[in-house]
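The structure appears right after this line, and notes come after that.
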């Protein structure tokens, strides 16, 4: 795998002789366009995610988010210009409409969307840290420790997190967002562990690691200064994939009515909407807008992941 | 048969047994966690729920008051085995779980959990198998077409665009499909496994009704999962495209379609089967939620209903059975794989 990263790093040098006739400025510009990180998918995905974060940050400044907790408008009012079943037309007081108790949907989104991202990122960060630690330990030390970690991750990867978490939530009831993230993190360390272990095993025999070992570098130095930088694209990819898994699990719990009860989340809004028969009453803005926002979030994460794939694997780039 | 080495088999079997054991232990331990004295010292504020007490509470809530509550409580404690040590309770639980005996449901009282799961399981398995087969074929074919040089340009542009849906969890696609095809266009029924007017049985009417009602739940899973296979297939096809035998087949002047099916897809599809093992957990979890919104009477609906009624034996039984199904299918995939792909030799 490190061969591909070496190849991508070496590409500008090998291309240089063909461009002997070009000026230095032109060469620099070409090399800039060859920068794998300037990937359209990566940029588009990051833009989508940043716009959700911006909605959460700016919304708190410019919109009255207390409307999340109290029904302040007419119930079941449509977005601006949309007529509901009782013939009321939506107004700018509630641009995205209201739910069955008159809560403002826009305020629900402003508070709920960052909450979903927060759970995903926190759970994934904890899972990644565990995965890096266990993966390096397993791959680098080998032997009995490796066996235990390998079997452990093999076992845990087949257990769907949602089902264990359902048991947890059914037993304990209400939990906080952070607690939910920590619980999800207990189930997302396996794939980074496996990935890093496999990479470390293959890297351990490579020339530069042997070289470092011969020149007397400590294990810590080899692991974190020699090996870890080569893993960065994979770690990013794995991190983003885990954010997606964590958000899917969190939304799943919320849609089953098991998420945090006192904090507005997108999944909770969908749960309320389904339970109040929003589909039959044609209140599409109530469930549809949170669904669309979640879809944007997942598409953004997918695009980032596809972009990262192309960054780390140049063979995919020509497609 | 001699192709699978014994050590490989033992390894896979150990993983299977450990998975089932750990899942069973977690499911037992989680509700009882606050009841151990050392936990209460470490985490203040967690309350230990006594199942007998809770059952009595439900009785009182249903009937207004309960006479002879102390005697009933003692009786319930003996019935549930709560008067024994945790160690004994745990061993009894493990022994019962292995025999798929999860006790009696508390919400629909005299029915055993195993009976309820027995009704729900065929629906879940049927829906899962059908959507899995469709998604596997569609996904791999589209993934292969993304790489094939003779794919029409329109398709090459359309497939990546369709992939955008793949990151969405099936519950969201389910909601969208439900809105478009049953409340707006009214092509498909909104919910339920079959029409209320049809008598269940081995008749054509019943079968067609079941199929008709299954279209939307299956589609909502297919729409969001085919991209996973397509992406994996694309990566594998790129590798196969560069192989010498593909170049040779082209040089021989074989028909391009023949090369695609017999030379490229056949070689690229096999590793896809192993990634199935890694993905099945998420597929199962997604289907649980799809069943809940379509009121499909499978394990997901059973789980949701038991959460609403706080029916812990059912919650635990359903969770355990789904985890066991997942672990078993991973085990089977691992066992079958060396037979269908002779390139793989384990332990050799």
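For residue B:314, state whether it is part of a helix (DSSP H, G or I), at negative phi and facing chain A (nearest Cβ under 8 Å). So residue B:314 does not fit the description; no.
Is it the case that the range A:178-187 has a residue that's closer than 18 Å to residue B:330 by Cβ, in contact (Cβ under 8 Å) with a residue 24 or more places away in the chain and either more than 14 Å from chain B (Cβ to nearest Cβ) or touching a helix residue (DSSP H, G or I) at 6+ places or on another chain (Cβ under 9 Å) (or both)? Walk me through it before giving the result.
At the first step, the residues of the range A:178-187 found to be closer than 18 Å to residue B:330 by Cβ are A:187.
Now drop any that are not in contact (Cβ under 8 Å) with a residue 24 or more places away in the chain, which leaves A:187.
From what's left, either more than 14 Å from chain B (Cβ to nearest Cβ) or touching a helix residue (DSSP H, G or I) at 6+ places or on another chain (Cβ under 9 Å) (or both): A:187.
The answer is yes; a qualifying residue exists.
Annotation note: Cβ proximity below 6 Å between a residue of the range A:270-284 that is more than 10 Å from chain B (Cβ to nearest Cβ) and touching a residue at least 40 places away in the same chain (Cβ under 8 Å) and a residue that is surrounded by fewer than 21 Cβ atoms within 10 Å (Cβ to Cβ) and part of a loop (DSSP other than H, G, I, E, B) (sequence gap 6+ or interchain) occurs for A:276/A:100. Given the structure, is residue B:290 farther than 24 Å from residue B:109 by Cβ and buried (at least 24 other Cβ atoms within 10 Å of the Cβ)? Criteria met by residue B:290. Note on the range B:73-95: residues that are more than 20 Å from residue B:29 (Cα to Cα) and touching a helix residue (DSSP H, G or I) at 6+ places or on another chain (Cβ under 6 Å) total 2. Inspect all residues belonging to the range B:131-148 and state whether any of them is within 14 Å of chain A (Cβ to nearest Cβ) and within 16 Å of residue B:283 (Cβ to Cβ). The answer is no; no qualifying residue exists.
Determine whether residue B:307 is over 17 Å from residue B:132 (Cβ atoms) and either touching a residue at least 40 places away in the same chain (Cβ under 8 Å) or in contact with a strand residue (DSSP E or B) (Cβ under 7 Å, 6 or more places away or on another chain) (or both). Break it down into steps so the answer makes sense when it comes.
Working: over 17 Å from residue B:132 (Cβ atoms): yes; either touching a residue at least 40 places away in the same chain (Cβ under 8 Å) or in contact with a strand residue (DSSP E or B) (Cβ under 7 Å, 6 or more places away or on another chain) (or both): no.
Answer is no for this residue.
The condition (being free of Cβ contacts under 8 Å to residues at least 24 places away in the same chain, surrounded by 13 or more Cβ atoms within 10 Å (Cβ to Cβ) and closer than 24 Å to residue B:301 by Cα) is satisfied by just one residue among B:222, B:180: B:180.
Restricting attention to the range B:319-336, does a residue exist that is over 23 Å from residue B:24 (Cβ atoms), touching a helix residue (DSSP H, G or I) at 6+ places or on another chain (Cβ under 6 Å), modelled with pLDDT of 85 or more and more than 8 Å from chain A (Cβ to nearest Cβ)? Spell out the reasoning first.
Looking only at the range B:319-336, we keep the residues that are over 23 Å from residue B:24 (Cβ atoms), and these are B:336.
Cutting the leftovers down to touching a helix residue (DSSP H, G or I) at 6+ places or on another chain (Cβ under 6 Å) gives us none.
No - not one qualifying residue is present in the range B:319-336.
A single entry from A:192, A:160 fulfils the requirement of being within 14 Å of another protein chain (Cβ to nearest Cβ), at pLDDT below 85 and crowded, with 19+ Cβ neighbours inside 10 Å: A:160. Within the range A:266-283, the residues that satisfy the criterion of being surrounded by fewer than 23 Cβ atoms within 10 Å (Cβ to Cβ) and not in a loop (DSSP other than H, G, I, E, B) are A:271, A:272, A:274, A:275. On the given criteria, is residue B:122 part of a helix (DSSP H, G or I) and either touching a strand residue (DSSP E or B) at 6+ places or on another chain (Cβ under 7 Å) or exposed (fewer than 12 other Cβ atoms within 10 Å of the Cβ) (or both)? Taking the combined requirement at face value, the residue satisfies it. Is it true that some residue in the range A:297-315 is part of a helix (DSSP H, G or I), at the interface with another protein chain (Cβ under 10 Å from one of its Cβ atoms) and without any contact (Cβ under 8 Å) to a residue 12 or more places away in the chain? No, the range A:297-315 contains no residue that is part of a helix (DSSP H, G or I), at the interface with another protein chain (Cβ under 10 Å from one of its Cβ atoms) and without any contact (Cβ under 8 Å) to a residue 12 or more places away in the chain. In a residue-by-residue description of the range B:283-304, the property of being assigned to a helix (DSSP H, G or I) and out of contact with any helix residue (DSSP H, G or I) (no Cβ under 7 Å at 6 or more places or on another chain) applies to no position.
Is it the case that some residue within the range A:122-136 is within 14 Å of chain B (Cβ to nearest Cβ) and touching a residue at least 12 places away in the same chain (Cβ under 8 Å)?
First pass over the range A:122-136, keeping only residues within 14 Å of chain B (Cβ to nearest Cβ): none.
No, there is no match, as no residue in the range A:122-136 is within 14 Å of chain B (Cβ to nearest Cβ) and touching a residue at least 12 places away in the same chain (Cβ under 8 Å).
Do we have residue B:265 as touching a helix residue (DSSP H, G or I) at 6+ places or on another chain (Cβ under 7 Å) and within 30 Å of residue B:54 (Cβ to Cβ) here? Judged against the criteria, residue B:265 is not a match. Would you say residue A:200 is part of a helix (DSSP H, G or I), within 14 Å of another protein chain (Cβ to nearest Cβ) and modelled with pLDDT of 85 or more? Criteria not met by residue A:200.
For residue A:249, state whether it is facing chain B (nearest Cβ under 9 Å) and either in contact with a strand residue (DSSP E or B) (Cβ under 6 Å, 6 or more places away or on another chain) or touching a residue at least 40 places away in the same chain (Cβ under 8 Å) (or both). Steps first, please.
Details: facing chain B (nearest Cβ under 9 Å): yes; either in contact with a strand residue (DSSP E or B) (Cβ under 6 Å, 6 or more places away or on another chain) or touching a residue at least 40 places away in the same chain (Cβ under 8 Å) (or both): yes.
Yes, satisfied.
Annotation: residue A:108 fulfils all but one of (1) within 14 Å of chain B (Cβ to nearest Cβ); (2) crowded, with 22+ Cβ neighbours inside 10 Å; (3) in a helix (DSSP H, G or I); the unmet one is (1). Here the condition is being without any contact (Cβ under 8 Å) to a residue 60 or more places away in the chain, over 17 Å from the mean Cα position of the chain (by Cα) and more than 14 Å from chain B (Cβ to nearest Cβ); of A:155, A:209, it holds for A:209 alone. Look through A:232, A:263 and report the one residue that is away from chain B (no Cβ under 14 Å), touching a residue at least 12 places away in the same chain (Cβ under 8 Å) and surrounded by fewer than 21 Cβ atoms within 10 Å (Cβ to Cβ). Being away from chain B (no Cβ under 14 Å), touching a residue at least 12 places away in the same chain (Cβ under 8 Å) and surrounded by fewer than 21 Cβ atoms within 10 Å (Cβ to Cβ) holds for just one of A:232, A:263, which is A:263. In the range B:294-307, the condition of being surrounded by fewer than 17 Cβ atoms within 10 Å (Cβ to Cβ), within 14 Å of chain A (Cβ to nearest Cβ), at negative phi and under 17 Å from the mean Cα position of the chain (by Cα) is met by no residue.
Checking the conditions here, which among A:226, A:254 is out of contact with any strand residue (DSSP E or B) (no Cβ under 6 Å at 6 or more places or on another chain), within 14 Å of another protein chain (Cβ to nearest Cβ) and either farther than 23 Å from residue B:162 by Cα or in contact (Cβ under 8 Å) with a residue 12 or more places away in the chain (or both)? It would help to see each step written out before you state the result.
Working: A:226 fails: within 14 Å of another protein chain (Cβ to nearest Cβ).
Result: A:254 is the single residue among A:226, A:254 that is out of contact with any strand residue (DSSP E or B) (no Cβ under 6 Å at 6 or more places or on another chain), within 14 Å of another protein chain (Cβ to nearest Cβ) and either farther than 23 Å from residue B:162 by Cα or in contact (Cβ under 8 Å) with a residue 12 or more places away in the chain (or both).
The values are calculated or read from the model by the stated rules, or taken from the named source; none is laboratory data. Here the structure is a predicted model, which means the values were calculated and not measured. Positions of Cβ are backbone-derived with ideal geometry, glycine not excepted, and every protein chain shown enters the neighbour counts.
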